[in-house]
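To keep things clear, I will list the structure first and then write my remarks on it.
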Amino acid sequence: MKALLASLMCSVLTLSQAFAISGGPFTGNRHVSVLGTYAGVFIAAIDPATGLRDPNSLAVFTLKVPQNGLATGIAAIFRNGFYYPGAIQASADPASAEVNGGIQGQFDDIIESGTITVTQHYFASGRFEGAKVVVKPGGLDLRSVRLRGTASIAYVPGTSVTGNPPDPRGDSGGPIPYKIKGFKQSFSQG
C-alpha cells in the first residue's frame, strides 16, 4: 500500500508542475512589472542628420514608478561643462511595459565683474517615448531587468538680466539624441 501511495504522489507532483502558474513579477510575454525604482544614464547618440555624436553630453537619472499616478525622478544633466540639476516625469504602461516622459533641468550662472553682477539662465528640456522595460534573455531576477530606449534633449540659454549675450556653449542649436541605458534597482516604489 505504501509503494502504491508513493508512486501516485510522484505522478501527482510531476503533473502539477505542468498546470502551475508562474509566480513573481514576470509575465509570459517576457515583460516585467514596470513598478519599481530605476536608475541609469542618457548617453549621447549619433545624430542621423549630421552623423556626429555630441562629445560632451550625459545625463544620470533615478525614476520611481508607483502603482498609481505619474512616475517621478531626479536628473543630473551635464553638457559642455555645465551642470543642469533637474527632474523627470513619466507615465508607465503596464500592458506594453513602455515608459514615456519628459526631462528638464536649469541653472543660473552668476558672473561678478567688479561692481557688476550678471546672471545668465540656462535650460535643458527633452523627452523620451517608447522606452521599454525588458528582461535580459535567461534572466529571472532583479539583475536582469533593464530600461532601454531613446531620448532627445535641447539646451537653450535664456536672457540675462543685463542683456549680455549668454555663453554659446549653453546652446545646442536643436535637440541632441540620446540612448537610455537603465536598470531596475528594486521592485518597490519607495
- Message: Here's a check for you: in the range 38-58, which residue that is free of Cβ contacts under 8 Å to residues at least 24 places away in the same chain and of a type in the set (A, V, I, L, M, F, W, C) is most open to solvent (accessible area, probe 1.4 Å)?
- Response: Leu52
- Report, by residue number, each residue of the range 168-185 that is open to solvent by 70 Å² or more (accessible area, probe 1.4 Å) and assigned to a strand (DSSP E or B). Lys179, Lys181, Phe183, Gln185
- Task: Please indicate, with yes or no, whether at least one residue in the range 150-158 is in a strand (DSSP E or B), in contact (Cβ under 8 Å) with a residue 24 or more places away in the chain and out of contact with any Phe, Trp or Tyr (no Cβ under 8 Å at 6 or more places or on another chain).
- Result: yes
- Message: Out of Val134, Val145, I need the residue that is open to solvent by less than 10 Å² (accessible area, probe 1.4 Å) and farther than 30 Å from Asp109 by Cβ. Which one?
- Response: Val145
- Task: Being among the small types (Gly, Ala, Ser) and in contact (Cβ under 8 Å) with a residue 60 or more places away in the chain is the filter here, so list the residues in the range 59-70 that pass it.
- Result: Ala59
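Considering only the range 111-130, state which residues are surrounded by fewer than 20 Cβ atoms within 10 Å (Cβ to Cβ) and farther than 14 Å from Gly170 by Cα.
Answer for the range 111-130, where residues must be surrounded by fewer than 20 Cβ atoms within 10 Å (Cβ to Cβ) and farther than 14 Å from Gly170 by Cα: Ile111, Glu112, Ser113, Gly114, Thr115, Ile116, Thr117, Val118, Arg127, Glu129, Gly130.
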- Can we say Ala87 is in a strand (DSSP E or B) and open to solvent by less than 40 Å² (accessible area, probe 1.4 Å)? no
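Every residue, every condition in (1) hydrophobic (A, V, I, L, M, F, W, C); (2) free of Cβ contacts under 8 Å to residues at least 24 places away in the same chain; (3) assigned to a helix (DSSP H, G or I), yes or no:
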position	(1), (2), (3)
Gly102	no, no, no
Gln106	no, yes, no
Ile110	yes, yes, no
His121	no, no, no
Ser125	no, no, no
Lys132	no, no, no
Pro137	no, yes, no
- Please work out which one of (1) of a type in the set (Phe, Trp, Tyr); (2) within 19 Å of Asp167 (Cβ to Cβ); (3) open to solvent by less than 70 Å² (accessible area, probe 1.4 Å) is the condition Phe61 fails and give its number. (2)
- Query: If you check Ile74, Ile88, Ile46, which single one turns out to be modelled with pLDDT of 95 or more and within 14 Å of Ile153 (Cα to Cα)?
  - Reply: Ile88
- Of the residues in the range 97-110, those that are crowded, with 17+ Cβ neighbours inside 10 Å and either more than 19 Å from Ile77 (Cβ to Cβ) or of a type in the set (D, E, K, R) (or both) come to Ala97, Glu98
- Flag for Ser96 being hydroxyl-bearing (Ser, Thr, Tyr), more than 10 Å from the chain's Cα centre (by Cα) and not in a strand (DSSP E or B): yes
- Item | Where Ser188 falls short, out of the listed (1) touching a residue at least 60 places away in the same chain (Cβ under 8 Å); (2) in a strand (DSSP E or B) | (2)
- Message: Scan the range 29-39 and tell me whether some residue there is modelled with pLDDT of 90 or more, within 30 Å of Gly158 (Cα to Cα) and assigned to a strand (DSSP E or B).
- Response: yes
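The values are calculated or read from the model by the stated rules, or taken from the named source; none is laboratory data. What you see is a predicted model; the values in this text were computed from it and never measured. Don't worry about glycine lacking a Cβ; one is built from the backbone with ideal geometry, like all the others, and counts go over all protein chains shown. We work out accessible area using only protein heavy atoms, side chains counted, and drop any ligands, DNA or RNA first. Shrake-Rupley method; radii C 1.70, N 1.55, O 1.52, S 1.80 Å.
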